[in-house]
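Some notes on the structure that comes next.
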Amino acid sequence: MASGLTMAVVERIMGIIDIPLRRWQKATGQTGMASFFLLPNMAVFGVFVLIPFVINFIYSMTGGAQIFLDERRYVGMQQYREIFSCGNYLDPNSCVQDGFWTAVQNTALFVVLQVILLIVLSLVTALILNREIIGRSFWRAVFFFPVLLSPVVTGLIWRWILQRQGLLNFILYEWFGAEPFNWLTDRTTAFMATIGVTIWAHMGFYTLILLAGLQAIPKDLYEAAQMDGTSRSRVFWRITLPLLMPNLIVVLVLALIRAVQVFDEAFVLTGGGPGTSTMYIVQYIYEMGFASELRNPGLAAAASILMGAVLVVLTLMQMAASRRNEKKGER
Amino acid sequence: MSAISRFIFRRRGGDGWHWTDIVTWVWLIGGLIIMFGPAVWLTLSSFKSPAALSKFPPTVLPYVTQEVKVEGFDKPLPLYEVTLPDGTTAKLVEKRRVGIVAQMIDPKNPSTVYKININNRKPVDMIEFATENYTEPFIQFDFLRYLWNSVFVTVMATIITLAINSMAAFALSKYKFRGQSLILIIIVGTLMVPLGVIMVPLYSIVSALGLFNNLWGVILPTVATPTGVFLLRQYMLTIPDELIDAARMDKASEWQIYWRIVLPLATPALAVLAIFSVVWRWNDFLWPLIVLSRSSLYTLQVGLNVYAGQLNVQWQYILAMTVVTMIPVVLVFVFLQKFITRGIATSGLK
């Protein structure tokens, strides 16, 4: 009943919209209608994506703590010069903007470790889910579940487990008699925790893509290999891996793009600490842009442009990889 | 029965277990524990009283010390199982405690006072779910407000996303016009522009439009998602043009063609986008954190993080609120898991 009523209301609204549109259509023809259909999306997109994208460059060339562009003064390339004035790029303390380079260093280490572990774990899971196991869709769902959780929920779940009185310490205490340890206040373990938690949260997504790739490999190839008595490791290295390579590359680049932007889970889990050990580049931009004590939006914009440049390179790689995929599909 | 177990445990190498069979089941069961365990643990913990939460080692179920009402005392007193000096055991309640000596009485006979070393007694526990963890935040914090803000943002953003993305996708898939390919290139090109890159100028634009500390400032910047346009366009390309030509013959206006023919036919793609949009918006964190500084406007995610970041974290409430935040997504997961996984596997969208 209720849905019938809503349908009638929707019908009515759409009918009312139609009246002026018919006039418009008469005046401009079908092509004019195309611009009408595009307009709302393009307007929102333009105001909230394209314009910010362009003025980000202007921002990066202005100085001061004011956020509005007309209250900021032009400083040219000074922000970039400051960012890049370092005694030794590997030692953040030798840089004028040591916070930026600390964040870059943390992010780089995070990206390398997280992506390698993530890909290996996703690949193993996908291979296992591709076997003839009972209830495959159930198991697939198991590994996919955390993907949908919000970063805040993920962060809080793990903060609860990794705290001093948490579950992890309890398990270690019960099984190994280990003393309780505060995992999130030690530099190394806090850093490893952000890696582990982000893998936990995103692994299912990559597993799914790899599983789709595995299932697209023609079964007769495996049957032929079995007939020839090919060993299983040989089948893996000679059939599975080469045929999965395009998917693996896409997954690799997607994982890289995501890892460079690590923020939410890590921020809720550790807040960037202890010290600056889990301060990643997006958090640096966020704090430079919006934390009132050390605010310098120009510097934040410059940092974001540098991050954007890295992402553009990665995106181009991804596009090239998926284009190669499509070509392979056509063949 | 044996046929079933043979089916469940069928193996690659005929008889006997190949090492890969063992790895498979260890991996799957381990995955089950690691992927579900933390959320289950959080949910179990959310029913514990503050006293039970601070206990180490923790218990799986929420226990509280049983309390007994004794005549002559205003408050109920905690019940203990006590080993008396003569070796017998009894159930006594604690009246007072001085250092390590507890003054205990028998609830049935309150006149005699036993002085017991606290090492010789154990609290009598019973399972009790601390539901006040769930009811209190509604009164103490603005929890209902956050919930409402989150629902408002999610629903509005999803409706607008579907409306304007489907319109744009319709224009890009069913019309030929100048600049079409340019628009497509721009859309594909910005597919990967993350918020982190443009958040500083976006903030100033949102403020300039008067949308700072306004839920619309959270909703609008993300509704024109290129991912949505792209997904819907790819789907609409598969709708035959003949259908549209036939409608035009019948004097249907372009608007009618859009919402009477194309939209209903694109329902599967719209459904996928709707699910994703709901999950994205519900889970949004960084942008609401930037735009909303007034606490009455916080979404659940921002409110939760702010409370969890306070020095004196009241974990019992945080845990309960986290569980509530998790519920919609878990429901989506349970009922729509198939659509989501298919959507990801076919479009690589997330």
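The values are calculated or read from the model by the stated rules, or taken from the named source; none is laboratory data. Here the structure is a predicted model, which is why all the values come from computation and not from measurement. All Cβ positions, glycine included, derive from the backbone under ideal geometry; neighbour counts span all protein chains shown. Just the protein is used for accessible areas: all its heavy atoms, side chains included, with ligands, DNA and RNA removed. Shrake-Rupley method; radii C 1.70, N 1.55, O 1.52, S 1.80 Å.
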Legend entry - In segment B:330-345, the residues that are open to solvent by less than 90 Å² (accessible area, probe 1.4 Å) and aromatic (F, W, Y): B:F333
Inset, instruction - Output the residue which, of all residues in segment A:133-146 that are out of contact with any Ser or Thr (no Cβ under 9 Å at 6 or more places or on another chain) and more than 7 Å from chain B (Cβ to nearest Cβ), is nearest to B:L53 (Cα to Cα). - result: A:F138
Inset, instruction - Go through segment B:290-326 and count every residue that is open to solvent by 20 Å² or more (accessible area, probe 1.4 Å), more than 10 Å from every other protein chain (Cβ to nearest Cβ), assigned to a loop (DSSP other than H, G, I, E, B) and among the aliphatic types (A, V, I, L, M). - result: 1
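Do we find that A:F68 is farther than 22 Å from B:P194 by Cβ and either at pLDDT below 85 or within 14 Å of another protein chain (Cβ to nearest Cβ) (or both) in this structure? Walk me through it before giving the result.
Working: farther than 22 Å from B:P194 by Cβ: yes; either at pLDDT below 85 or within 14 Å of another protein chain (Cβ to nearest Cβ) (or both): yes.
The answer is yes for A:F68.
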Inset, instruction - Can you run down the residue pairs with Cβ atoms below 6 Å, 6 or more apart or on separate chains, where the first is in segment B:268-296 and touching a residue at least 12 places away in the same chain (Cβ under 8 Å) and the partner is among the hydroxyl-bearing types (S, T, Y) and assigned to a loop (DSSP other than H, G, I, E, B)? - result: B:N283/A:S150; B:P288/B:T299; B:L292/B:Y298
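Could you list, in sequence order, all residues of segment A:5-40 that are of a type outside the set (G, A, S) and in contact with a helix residue (DSSP H, G or I) (Cβ under 6 Å, 6 or more places away or on another chain)? First the steps, then the outcome.
To start, the set of residues in segment A:5-40 that are of a type outside the set (G, A, S) comprises A:5-7, A:9-14, A:16-26, A:28, A:30-31, A:33, A:36-40.
If the condition is that a residue be of a type outside the set (G, A, S) and in contact with a helix residue (DSSP H, G or I) (Cβ under 6 Å, 6 or more places away or on another chain), then A:M14, A:D18, A:L21, A:Q25, A:M33, A:F37, A:L38, A:P40 are the ones that fit.
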Inset, instruction - Select, from A:M42, A:M7, the only residue that is facing another protein chain (nearest Cβ under 8 Å), assigned to a helix (DSSP H, G or I) and within 30 Å of B:T161 (Cβ to Cβ). - result: A:M42
Legend entry - Residue in segment A:322-330 that is open to solvent by 30 Å² or more (accessible area, probe 1.4 Å), within 14 Å of B:V197 (Cβ to Cβ) and within 12 Å of chain B (Cβ to nearest Cβ) present: no
Inset, instruction - With the checklist (1) buried (at least 17 other Cβ atoms within 10 Å of the Cβ); (2) over 28 Å from B:S150 (Cα atoms); (3) in contact (Cβ under 8 Å) with a residue 24 or more places away in the chain in hand, flag the one item B:Y203 doesn't pass. - result: (2)
Legend entry - Residues (within 7 Å of chain B (Cβ to nearest Cβ), closer than 25 Å to B:K338 by Cα and touching a residue at least 24 places away in the same chain (Cβ under 8 Å)) located in segment A:151-174: A:P151, A:V152
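Specify the residue that is most open to solvent (accessible area, probe 1.4 Å); the eligible residues are those in segment B:221-243 that are at the interface with chain A (Cβ under 10 Å from one of its Cβ atoms) and in a helix (DSSP H, G or I). Spell out the reasoning first.
If we filter segment B:221-243 for residues that are at the interface with chain A (Cβ under 10 Å from one of its Cβ atoms), which is where we start, we get B:221-226, B:228-229.
Right, trim to in a helix (DSSP H, G or I) and you get B:221-222, B:226, B:228-229.
Working: B:P221: 14, B:T222: 38, B:P226: 18, B:G228: 0, B:V229: 3 Å².
Result: B:T222.
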Legend entry - Yes/no for A:Y173 being open to solvent by 10 Å² or more (accessible area, probe 1.4 Å) and either at pLDDT 95 or above or assigned to a helix (DSSP H, G or I) (or both): yes
Legend entry - Matching residues, segment A:91-107, being open to solvent by less than 50 Å² (accessible area, probe 1.4 Å) and either more than 15 Å from A:M307 (Cβ to Cβ) or part of a helix (DSSP H, G or I) (or both): A:P92, A:S94, A:C95, A:G99, A:F100, A:W101, A:T102, A:A103, A:V104, A:N106, A:T107
Legend entry - Subset of segment B:58-74 [over 24 Å from the mean Cα position of the chain (by Cα) and either open to solvent by less than 50 Å² (accessible area, probe 1.4 Å) or touching a residue at least 40 places away in the same chain (Cβ under 8 Å) (or both)]: B:Y63, B:V64, B:T65, B:Q66, B:V68, B:V70
Legend entry - Number of the condition not met by B:E254 [criteria: (1) within 21 Å of A:T28 (Cβ to Cβ); (2) surrounded by fewer than 18 Cβ atoms within 10 Å (Cβ to Cβ); (3) free of Cβ contacts under 8 Å to residues at least 24 places away in the same chain]: (2)
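If you check A:L221, A:L316, A:L256, A:L252, which single one turns out to be open to solvent by 60 Å² or more (accessible area, probe 1.4 Å) and under 15 Å from the mean Cα position of the chain (by Cα)? Break it down stepwise before answering.
On the way: A:L221 fails: under 15 Å from the mean Cα position of the chain (by Cα); A:L316 fails: under 15 Å from the mean Cα position of the chain (by Cα); A:L256 fails: open to solvent by 60 Å² or more (accessible area, probe 1.4 Å).
Answer to the selection: A:L252.
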Inset, instruction - For A:M192, state whether it is closer than 30 Å to B:F333 by Cα, crowded, with 23+ Cβ neighbours inside 10 Å and either at pLDDT below 90 or hydrophobic (A, V, I, L, M, F, W, C) (or both). - result: no
Legend entry - Search result, residues across segment B:81-125 that are part of a strand (DSSP E or B), surrounded by 14 or more Cβ atoms within 10 Å (Cβ to Cβ) and among the polar types (S, T, N, Q): B:T83, B:Q103
Inset, instruction - Would you be able to say whether some residue in segment A:303-311 is in contact with a Ser or Thr (Cβ under 8 Å, 6 or more places away or on another chain), surrounded by fewer than 24 Cβ atoms within 10 Å (Cβ to Cβ) and not in a loop (DSSP other than H, G, I, E, B)? - result: yes
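Quick grid of which residues meet (1) among the small types (G, A, S); (2) without any contact (Cβ under 8 Å) to a residue 60 or more places away in the chain; (3) at the interface with chain B (Cβ under 10 Å from one of its Cβ atoms):
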| residue | (1), (2), (3) |
| --- | --- |
| A:H202 | no, no, yes |
| A:K219 | no, yes, no |
| A:S233 | yes, yes, no |
| A:V250 | no, no, yes |
| A:R258 | no, yes, yes |
| A:L299 | no, no, yes |
| A:A303 | yes, no, yes |
Legend entry - When residues of segment B:176-200 are limited to those that are part of a loop (DSSP other than H, G, I, E, B) and facing another protein chain (nearest Cβ under 7 Å), the one least open to solvent (accessible area, probe 1.4 Å): B:P194
Legend entry - Selected residue (criterion: surrounded by the fewest Cβ atoms within 10 Å (Cβ to Cβ)) from residues of segment B:150-175 that are within 14 Å of chain A (Cβ to nearest Cβ) and among the polar types (S, T, N, Q): B:S173
